[in-house]
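Down below is the structure, laid out as structure tokens.
No value in this document is a laboratory result; all are computed from the given coordinates. Since this is a predicted model, take the numbers as computed values, not measurements. Positions of Cβ are generated from backbone atoms using ideal geometry, with glycine treated the same way; all protein chains shown enter the neighbour counts.
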Amino acid sequence: MAAPTLRRLGPEDHALLLRLNAMFAVAFGDDETYTGAPPDEAWAREALGRPGLIALVALDGETVVGGLVAYELDKLERRRREVYLYDLAVAEAQRRRGIATQLIDHLRAIARERGAWVVYVQADHGDEPAIALYTKLGAREDVMHFDLPLD
């Protein structure tokens with residue numbers, strides 16, 4: 001297989017977003033989160049139209065073989081931005097081919113264009129492939145993550 005085509009999703013890409021989410025559901029083993037209540041076309045158009053939401057897909061023809069979703073955060077301590085890489089996955093049959101690195105490199109280029117100073121990402125303890133990838137690409141910080149319920 002040739003190298004996949006990388007593409008940033010825009011407001012007209014509702015169907016492609018649904019295919020990205022379906023790939024995430026399989027890769028993460030989480031159907032409920034990624035396909036249980038799919039975003040409608042109006043929501044996708046609004047969200048994908050925001051410059052600070054970055055959704056990238058790696059395509060083999062029309063098949064989504066990888067993708068990521070990242071969010072731009074404007075900082076107030078100085079005039080700069082950070083980009084938080086929230087979701088990244090590659091279809092199991094396509095792993096170990098450099099697709100995740102290509103997606104991250106493309107994200108870094110977009111982040112630079114948007115005036116960001118860093119892209120950061122979290123990895124779960126025990127997710128050795130993700131930890132190895134992120135260690136290869138950046139500097140590790142050990143932090144704790146807390147979810148604060150809204151109810």
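Observations, loosely collected:
- Under the convention that each Lys and Arg Cβ holds +1 and each Asp and Glu Cβ holds -1, the size of the dipole of the chain around its Cα centre is about 960 debye.
- The range 1-85: GluC sites (Glu not before Pro) falling in loop per DSSP and having at most 14 other Cβ within 10 Å: 12, 62, 77
- Filtered trypsin sites (Lys or Arg not before Pro), the range 1-75: DSSP coil and at most 13 other beta carbons within 10 Å: 75
- Loop-located trypsin sites (Lys or Arg not before Pro) in the range 78-138 (DSSP state other than H, G, I, E, B) with a sparse environment of at most 11 neighbouring Cβ atoms within 10 Å: 78, 79, 96.
- Of [x] 44; [y] 40; [z] 48, the label for percent of Cα pairs over 21 Å apart derived from the coordinates: [z]
- Anisotropy class of the range 78-151 from Cα gyration tensor, a/c 1.5 cut: oblate
- Farthest towards the positive end of the charge dipole of the chain, among the residues 59, 115, 98, is the Cα of 115, using unit charges on the Cβ of Lys, Arg, Asp and Glu.
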